[in-house]
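Below you'll find the structure, written out as structure tokens, and then a few comments.
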Amino acid sequence: MPHQKILEIRQQTDNDTVNLALDTISIGKQALVFVNTKRGAEKAAEDIASKIKFDENNPILRKRKQEWEQTADEIIKVLPRPTKQCERLGKCIRKGIAFHHAGLAQKQKTIIEDAFRQNILPIICCTPTLAAGMDLPAFRVILRDLKRYGLHGLNWIPVLEYEQMAGRCGRPKYDKYGEAIAVATTENEKKNITDVYINGEVEEIYSKLAVEPVLRTYILSLIASEFVGSEESLFAFFEKTFWAHQFKDMKKLEKIIRKMIKLLEDFGFIKTEKTRDEFVSADKLKGGRLEATIVGKRVAQLYIDPLTANGIITALKKAESKSATDFSFLQLASSCLEMRPLLRIKAAEYEDVNGKLNEHQSDILIPEPSMYDPDYEHFLHSIKTAMFLEDWCDEKDEEELLEKYSIRPGEIRVKLELADWLLYSTEELARMMKKHAIIKDIIKVRLRLKYGVKEELITLLKLEGIGRVRARKLYNNRIKDLGDVKNADIMVLVQIVGKNTALSIKKQVGQDIEKEKIPEGKRKGQISLKDYQI
């Protein structure tokens, strides 16, 4: 059992979490403050930062303040146009306090983690995502929230998750011991925390193979890689897994596996004796021989759920007759299991989402479920998620997306990467189906998604050093393609994109101009991407 002791904490405010954080700083230590939501992490950081006071006569604090200023400036410069979230984070860091959650850009998270390791930042307010596998010099872990909203309201988090968070303090590399402090507001809550988390047992760990998407993917991979070649060898493999050890009933497990084999066979991803035309000898037939089809092998290589792959193939068969649009493919990607969790619809948004659905009724590739179908809400969420992706492709920046969809820059990046992976998989499956007319449309959508631009800018993006902002500035100055770049006066290009970039793009279109011959000139005023919206 962990050692428990009584701590005397000075009550500087009426907020216990803030008092614990201030006490940690006063003893020259560092702490992680765990809360249950991204918004909660931001608010906790702001509450603590507001109570930080400086002593200008203290040389250590003066040095700290300079380091905090430098870290804050670095954080704000990560995005081309800082969002309100960036500004809030920068303001907190200028007081030595940071927040950390999945909504931050990856580079921002890395800066915060590095600054904490270097003892620049004493406090990070974070969600449980920071509890997994991170080795940080936290003397204290302050567990403010041990409950989380789920399907059935506010519930206690699992003991295993508590252990993960508490285990972030007192790492052997940094401290001889650490303090994990759970905040309780009532005696009853204190008793529950003691009973459940300090004296309670950790929950059973369950094999992920019990989850259907994982099992489908794993079985297809085993067959496609020829690691197994028959039902018999597949059963023998699973018999040695942790899943089988937990399941205990191998006969029932074999029934589940056969169901998956039948599903993969129906999808056309594997062949069994029943689906082969060639003669099969009696000894091979007895083993229940399994073999992946060419499409099945590619699906396994793409590492997408076979159910997702089948849905994409079904949608591609409709694409030509439906006259698919960019939105069609964005919604197709949004409907895949891999994109979950999707952006959920708020009560005030139903009209807009249904309006978008009506607008694209003729080109949606996924059948619309009945309003009474349990999947109908998920379908509407996929429409909203596709709307967000479309807005990104229409050159809306992170701040606009945050305001409209409550999706933060880090979450934006994750969704874009997932969508690109799913659209790449769609492109590959279309190639195997010889849907050549559709492939170029998918490539175009992927390019728009990658750069966050309207279709009109794609040609300019072929130039090295030209991204969404510079491409839009060139286009709005009537330089719309590579021919226009070639014909443009070098001084005009210098004014729009700067000397080095102007020389570079001129060279890329076959015009090598000497740098020394370009007089120093003043560039045109910087205009934000927002000002260029059409």
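With the structure loaded, tell me whether residue 383 is hydrophobic (A, V, I, L, M, F, W, C), over 21 Å from residue 457 (Cα atoms) and part of a helix (DSSP H, G or I) or whether it fails that test. Yes, satisfied. Scanning segment 505-527 for residues that are in a loop (DSSP other than H, G, I, E, B), surrounded by 10 or more Cβ atoms within 10 Å (Cβ to Cβ) and at pLDDT 80 or above gives 509, 511, 513. Listed by first and then second residue, the pairs linking a residue in segment 426-449 that is more than 24 Å from residue 466 (Cβ to Cβ) to a residue that is of a type outside the set (Phe, Trp, Tyr) and not in a helix (DSSP H, G or I), with Cβ atoms under 8 Å apart and 6 or more places separating them unless they lie on different chains, are 438/324. Comparison of 472, 446 shows that the only residue that is modelled with pLDDT of 95 or more and closer than 30 Å to residue 309 by Cα is 446. Residues in segment 471-494 that are basic (Lys, Arg) and either within 35 Å of the chain's Cα centre (by Cα) or at positive phi (or both): 472, 473, 478, 480. Criterion applied to 333, 348, 300 was being within 18 Å of residue 435 (Cβ to Cβ) and not hydroxyl-bearing (Ser, Thr, Tyr), and the one residue passing it is 333. Within segment 464-488, being part of a loop (DSSP other than H, G, I, E, B) and buried (at least 20 other Cβ atoms within 10 Å of the Cβ) holds for 466, 479, 488.
The single residue among 145, 195 that is over 19 Å from residue 20 (Cα atoms) and modelled with pLDDT of 90 or more turns out to be 195. Examine segment 313-323 for a residue that is at pLDDT 95 or above, surrounded by fewer than 17 Cβ atoms within 10 Å (Cβ to Cβ) and not assigned by TED's automatic domain parsing to the domain that holds residue 268, and state whether such a residue exists. There is at least one residue in segment 313-323 that is at pLDDT 95 or above, surrounded by fewer than 17 Cβ atoms within 10 Å (Cβ to Cβ) and not assigned by TED's automatic domain parsing to the domain that holds residue 268. For the subset of segment 206-253 comprising residues that are surrounded by fewer than 16 Cβ atoms within 10 Å (Cβ to Cβ) and of a type in the set (Asp, Glu), which member is farthest from residue 297 (Cα to Cα)? Checking each candidate, the answer is 249. When the helices (runs of 4 or more DSSP H) confined to segment 297-375 are screened for residues that are under 26 Å from residue 428 (Cβ atoms), those reaching at least 3 such residues are found at 306-322, 326-334. Taking segment 60-111 as the search range and keeping residues that are in a helix (DSSP H, G or I) and touching a strand residue (DSSP E or B) at 6+ places or on another chain (Cβ under 7 Å), which one is farthest from residue 416 (Cα to Cα)? Step by step, filter segment 60-111, then rank; the result is 92.
Okay, residues lined up against (1) over 30 Å from residue 149 (Cβ atoms); (2) among the hydrophobic types (A, V, I, L, M, F, W, C):
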| position | (1), (2) |
| --- | --- |
| 63 | yes, no |
| 74 | yes, no |
| 80 | yes, no |
| 92 | no, yes |
| 105 | no, yes |
| 122 | no, no |
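The values are calculated or read from the model by the stated rules, or taken from the named source; none is laboratory data. Just so we're clear, the structure is a prediction, and the values are computed from it rather than from any experiment. All Cβ positions, glycine included, derive from the backbone under ideal geometry; neighbour counts span all protein chains shown.
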